[in-house]
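The values are calculated or read from the model by the stated rules, or taken from the named source; none is laboratory data. In this text, all values refer to a predicted model and were calculated from it rather than measured experimentally. A quick note on method: Cβ atoms are made from the backbone with ideal geometry, for glycine too, and the neighbour counts reach across all protein chains shown.
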Amino acid sequence: MTTITASTATKLSPSELKKLESFANNQFGTSAKLEQKIDHNQVAGIKLTLGDRELDLSLLSTFKSVPTIKSVGTILSLGDGVAMVSGLSDVMMSELLLFEGGTYGLAMSLLTNSVGVVLLGSYTHLKEGGRVETTGRVLSVPVGPNFLGRVVDGLGLAIDGLPDPVGEEIYPVENIAPGVITRQHVSQPVQTGIVAIDSMIPVGRGQRELIIGDRGIGKSSIAITTIINQKKENLKCIYVTIGQKRSFVAQLQNTLTKYGAMEYTTIVAATASDPASMQFIAPYAATAMGEYYAKHGQDALIIYDDLSKHAWAYRELSLLLRRPSGREAYPGDVFFLHSRLLERSCRLSKEYGGGSLTALPIIETQAGDVSAYIPTNVISITDGQIYLESDLFNSGFKPAVNVGLSVSRVGGDAQIKTMKKIAGRLRLDLAQYRELAAFAQFASDLDAKTKAQLEKGARVSEILKQGWDEPLDVYSQIVLIWLVTEGYSAAVELKNMAEWKKIVLSYLTTQAGISSLQIVQKAGTITDPVITELKKLALKIGELTQHLNINTEV
């Protein structure tokens, strides 16, 4: 039979013990026998203990509050940011636990006689035998517009030297993804400002589009360009850095501040020097911040840089918790790790807020191997991928997007009609050009049609080259693509195409150029008046770029 221990400073009378036994059984919901224990170190009051549950009545004389029962445990072992704790019979999965000194931990492994806990802060002051309490709540973060312009960690605490931002609401870090009924069709575009993406791999609001490629070939640059381009798009941005250097976070903040993008951006940073537990929770916390905007009818964009390092952090925690390992030493639920994260990004129906959360996760490949474990997992979860190729990058083609291997499965429905019509054959033409270009290296004699196709493809490739800090509005992109695909750059010498592009974009900032862009924008698609206006613009561009034409110096 179970026994309740009553610790008191003095001995109680039999009648007092009987009343206390009745009270204790009522509180614990048991029918146990009461056993008194004299504790001379206890100043006053009574402390009731049943197994790992403790009810402290010693403060009831000074505080008029309802007594609470806490599940209390003891640290069995401690190391590498992970603690094994005994007791805690009532603990929940992913419950927040309180250690001595105010350190919190997350219950991640529930075993028969112990609990595996990952620690979320400094643990150098903790030791074996230390006390651990349940809190009855899951890990949550403050959310709201006060986080815009700030750099915070995965717990929502400031790391930019300013006071902690005050949240308007508290959201759980782990949240169930919206159901099918609560979602609506992706129908509005996210304009990245990158010609190759907006024309051939369009991204819609509420979509998950993977950016994948080797190290150091421009994955983060695409994400930064996209954020900079949102200045006039009313899109809140969240950039999550996982396992990156602190210098990268500082550089990112300075870059976004320089281009006026920090005012609508939050950086959530879990750097390489942070514990694996903080790297693990950072993407989930940042997603909770993005969900706040979606549920309040606003649109948000979240960048995960990168999920490869997130998987590494989770693998580290799982191995420390002694979970069974599988392929490449990852735990069996590594697919669920990313699916439950990315499924939270969607476009909500009007009844549920009407906002959207767009995700651009980044995955780093090794030597271009997209068939590795984590890349294939994330490719299967997302709605398409933007594939960056090392050979293109090394040949000077930036952004190094391989349009043949890249795809957007749902973004086409969100693409504006004018761009869809103008860029309809662009992907096919470019793919054919790259095949012909590879073949032409070995061919000594080419027919006129093949030469013309190679010339056109080379010119299209030139206008797709773009600096990371040069985002273009979508209507300037439309004009640029139309001029090249309709042959208005055919007379320009290939080596002068970069200069030709600069002149075109410069002209589009003049009063006449802005007027032409407004006509294209108002029409909403390609109409006869739009074609007439574009032809007038082409004639003017031809006059301005005549000195760039082939053989003009002869």
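Odds and ends about this structure:
- The single condition among (1) more than 30 Å from Q188 (Cα to Cα); (2) at pLDDT 90 or above that V554 does not satisfy is (2).
- Pairs where the first residue, in the range 456-469, is modelled with pLDDT under 90 and the second is assigned to a helix (DSSP H, G or I) and of a type in the set (F, W, Y), C-beta under 6 Å, 6+ apart: G457/Y433
- Against the test of being assigned to a strand (DSSP E or B) and of a type outside the set (S, T, N, Q), the options I379, I362, I374 yield a single qualifying residue, I362.
- Candidate set from the range 82-97 (those that are assigned to a loop (DSSP other than H, G, I, E, B) and buried (at least 21 other Cβ atoms within 10 Å of the Cβ)); member that is farthest from the chain's Cα centre (by Cα): L88
- Given (1) touching an Asp or Glu at 6+ places or on another chain (Cβ under 7 Å); (2) closer than 21 Å to K231 by Cβ, index of the condition F147 fails: (1)
- Qualifying residue in the range 332-343 (condition: surrounded by fewer than 23 Cβ atoms within 10 Å (Cβ to Cβ), outside the structural domain of L78 (by TED's automatic domain parsing), on the phi > 0 side of the Ramachandran plot and of a type in the set (A, V, I, L, M)): no
- Boolean, G216 is under 28 Å from T376 (Cβ atoms) and out of contact with any strand residue (DSSP E or B) (no Cβ under 8 Å at 6 or more places or on another chain): yes
- Search result, residues across the range 422-441 that are farther than 12 Å from V403 by Cβ and among the aliphatic types (A, V, I, L, M): I422, L436, A437, A438, A440
- Residues considered: I181, I194. Of these, the only one that is more than 16 Å from the chain's Cα centre (by Cα), over 30 Å from A276 (Cβ atoms) and at pLDDT 95 or above is I194.
- Looking across L508, L494, one residue alone is of a type in the set (A, V, I, L, M, F, W, C), out of contact with any Cys (no Cβ under 9 Å at 6 or more places or on another chain) and crowded, with 18+ Cβ neighbours inside 10 Å. It is L508.
- Top-ranked residue of the range 156-172 - restricted to ones that are under 19 Å from the mean Cα position of the chain (by Cα) and buried (at least 20 other Cβ atoms within 10 Å of the Cβ), ranked as nearest to T241 (Cα to Cα): G156
- Subset of the range 308-353 [small (G, A, S), in contact with a strand residue (DSSP E or B) (Cβ under 6 Å, 6 or more places away or on another chain) and in contact (Cβ under 8 Å) with a residue 60 or more places away in the chain]: S308, S345
- Within the span defined as the range 212-225, every residue fails to be free of Cβ contacts under 8 Å to residues at least 24 places away in the same chain and in contact with an Asp or Glu (Cβ under 6 Å, 6 or more places away or on another chain).
- Among helices (runs of 4 or more DSSP H) entirely within the range 425-535, having at least 2 residues that are under 38 Å from the mean Cα position of the chain (by Cα) and farther than 26 Å from D391 by Cα singles out 474-485, 497-507, 511-523.
- Residue within the range 250-267 that is out of contact with any Phe, Trp or Tyr (no Cβ under 6 Å at 6 or more places or on another chain), closer than 22 Å to P375 by Cα and at pLDDT 95 or above present: no
- Only a single criterion out of (1) modelled with pLDDT of 95 or more; (2) assigned to a helix (DSSP H, G or I) is not satisfied by G101, namely (1).
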